[in-house]
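Asks: Questions regarding the structure given below will be posed in turn.
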Amino acid sequence: MNTQFFAAWIEEIAATVRAQRDHLTQLDAAIGDADHGANLDRGFTAAQEALAGASPQTPGALLVLVGSTLIRKVGGASGPLYGTAFREMGKAFGEAAEITPAELSTGLNAALSGVQRLGAAAEGDKTMVDALAPAAKALGQAVQDGLKPEEALEAAAAAAEQGARATVPLQARKGRASYLGPRSVGHEDPGAASTALLFGALKAAASR
């Protein structure tokens, strides 16, 4: 997985978020500020523009730039959280020109640690961690089991989607949704839903 692969991933994310913008906003309207879809759409569009203007030479540099752009351009909690995830992943990749599935797994764990450090959220709190943590775990297990890269990414995407769906019956314990108490039950967490979209885009980038 080289720089072009990760550029393709960001393209897939931007297209997916644009297509799902209204859906993400509807999810957020139920338990948040109703701006999640618009914020992410603006952020990943800005990330594409930043990449076009800078042409980073390594996967790590590319993802650090994406993360910095999201922190700068996306409002609410999403910008810092997603920005941190991409920055931490990029930093974990270092100067490597090619990323192996094992290194991707290390990068995702770094992203997860960064998000948890910033948001102080654990699995079960009804946040993006509920999709990110299972995906990172599934990818690590797939690598350990010797699955092909495409199969490993498919496993990660499936785990993220399942994790997002599993937030529906949970009561939010972090973020704005936590103010609703029991009324947050019965709604899919928008952050977990958008995280699942990112992993679906990663799988799509691998099949290009």
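Asks: Which distance in Å, rounded to a whole number, links the C-alpha centroids of region 1-15 and region 105-174?
Replies: 19 Å
Asks: Cα-Cα pairs above 11 Å in region 67-113: how many percent?
Replies: Numbers: 674 of 1081 pairs.
Taking all Cα-Cα pairs of region 67-113, the fraction more than 11 Å apart is 62 percent.
Asks: Quote to one decimal, in nm, the extra length available between A102 and L180 on full extension: 0.36 nm per residue of separation minus the C-alpha distance between them.
Replies: So the chain would gain 24.1 nm between A102 and L180.
Asks: When you take every Cα atom in region 1-121, what is the radius of gyration, and what is Dmax, the widest Cα pair distance, in Å?
Replies: Rg and Dmax of region 1-121, Cα atoms, are 14.1, 43 Å.
Asks: Further, regarding this structure: Can you tell which of A121, I99, G181 lies farthest toward the positive end of the dipole of the chain, using +1 and -1 charges on the Cβ of basic and acidic side chains (Lys, Arg; Asp, Glu)?
Replies: Farthest towards the positive pole: G181.
Asks: Quick one: pull the percentage of alpha-carbon pairs in region 115-208 with a separation above 17 Å. Numbers along the way, then the final one.
Replies: Values: 2111 of 4371 pairs.
Roughly 48 percent, once rounded to a whole number.
Asks: Sticking with this structure for a sec: Roll a 1.4 angstrom probe over the protein heavy atoms and tell me the percent of accessible area of the chain that is carbon or sulfur.
Replies: 51 percent
Asks: Picking from A166, A155, A205, whose Cα lies most toward the positive end of the charge dipole for region 98-208 (charges on Cβ: Lys, Arg +1; Asp, Glu -1)?
Replies: A166
Asks: Can you compute the helix-only [θ] at 222 nm over the chain? Use -39500 (n - 2.57) per DSSP H run of at least 4 residues, normalise by all residues, nearest 500 deg cm²/dmol.
Replies: Working: 9 runs with 147 residues, N = 208.
Taken over the chain, the calculation gives -23500 deg cm²/dmol.
Asks: On a straight-distance basis, which lysines could pair with K148 in a cross-link, Cα separation under 28 angstrom, same-chain partners fewer than 8 positions away excluded?
Replies: Reachable lysines: K91, K137, K203.
Asks: How far is helix 21-31 tilted off the main Cα axis of the chain, in degrees rounded to 10, range 0 to 90?
Replies: With both axes taken from Cα atoms, the answer is about 40 degrees.
Asks: Next question, about the same structure. Taking a probe of 1.4 Å, how large is the accessible area per residue of region 73-114, in Å²?
Replies: So region 73-114 comes to 39 Å² accessible per residue, rounded to a whole number.
Asks: Now for a different question. Ranked highest first by the average count of other Cβ atoms within 10 Å around their residues, in what order do 177-185, 8-16 fall?
Replies: Highest to lowest by the protection proxy: 8-16, 177-185.
Asks: What is the percent of Cα-Cα separations in the chain that go past 30 Å?
Replies: Percent of Cα pairs beyond 30 Å in the chain: 14.
The values are calculated or read from the model by the stated rules, or taken from the named source; none is laboratory data. Everything numeric in this text was worked out from a predicted model, so none of it was measured. Cβ sites come from the backbone with ideal geometry, for glycine too, and all protein chains shown count toward neighbours. Side chains are part of the model used for accessible areas, which takes the heavy atoms of the whole protein and leaves out ligands, DNA and RNA. Shrake-Rupley method; radii C 1.70, N 1.55, O 1.52, S 1.80 Å.
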